[in-house]
Amino acid sequence: MNKPVNIFRKILLLLGIFMGIVIAGGLSGLGNFTKPPQAEVISEPPTNTGKDLKKALKSSKPVLVDFGANKCIPCRQIRPILREIGKEYAGKAHVLIIDVWELRELARDYRIQLIPTLVFFDPAGKEVFRRPGVWDKNSIIQKLKEAGMK
């Protein structure tokens, strides 16, 4: 009867030693541990307002409005293209970005059902074309020219 108790004690002792080695080995590696890099906080890009849209539509220049959302990945993918076009054709056309979550009523007024939706207006402020989804730069420029951009 004494033998099983001794064997049990030896097993516990060996298990304790083994656990001590594992724990000590794991703790010694903590000195080399570096914090993972913190995620960069990306602020949401600014968007235009309903007043901006009204002003652009009265400007006698073609207008392109991107109805999208800051949280929408395809919407954010097209934003750099739209900003480029806005800079390249400043004075010839207006390129606006409207966040449909911030301006729900405006999105409802323009019957936006999918995002992103690109809506093109002629110089008189009349809607001439709309396209849901992402589109390439050349096609957008071509459609602005068809809408009256010179």
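The values are calculated or read from the model by the stated rules, or taken from the named source; none is laboratory data. Since we're looking at a predicted model, the values are computed, not measured. Quick reminder, even Gly has a Cβ in these numbers, built from the backbone with ideal geometry, and neighbours come from all protein chains shown.
Within the stretch 95-112, the set of residues being loosely packed, with under 13 Cβ neighbours inside 10 Å and under 19 Å from the mean Cα position of the chain (by Cα) comprises ARG104 only.
Can you find a residue in the stretch 99-106 that is touching a Leu at 6+ places or on another chain (Cβ under 6 Å) and of a type in the set (Asp, Glu)? No, because not a single residue in the stretch 99-106 is touching a Leu at 6+ places or on another chain (Cβ under 6 Å) and of a type in the set (Asp, Glu).
When the residues of the stretch 77-90 are filtered to those that are out of contact with any strand residue (DSSP E or B) (no Cβ under 6 Å at 6 or more places or on another chain) and within 20 Å of GLY50 (Cα to Cα), the one that is surrounded by the most Cβ atoms within 10 Å (Cβ to Cβ) is ARG79. The residues in the stretch 60-71 that are free of Cβ contacts under 8 Å to residues at least 60 places away in the same chain and assigned to a loop (DSSP other than H, G, I, E, B) can be counted, and the count is 3.
Is it the case that some residue within the stretch 72-93 is of a type outside the set (Lys, Arg), part of a strand (DSSP E or B) and touching a residue at least 24 places away in the same chain (Cβ under 8 Å)? No, every residue in the stretch 72-93 fails to be of a type outside the set (Lys, Arg), part of a strand (DSSP E or B) and touching a residue at least 24 places away in the same chain (Cβ under 8 Å).
GLU127 - would you say it is modelled with pLDDT under 95 and out of contact with any Gly (no Cβ under 6 Å at 6 or more places or on another chain)? Taking the combined requirement at face value, the residue does not satisfy it. Looking across the stretch 119-134, the residues that are under 26 Å from the mean Cα position of the chain (by Cα) and in contact (Cβ under 8 Å) with a residue 24 or more places away in the chain come down to VAL119, PHE120, PHE121, GLY133, VAL134.
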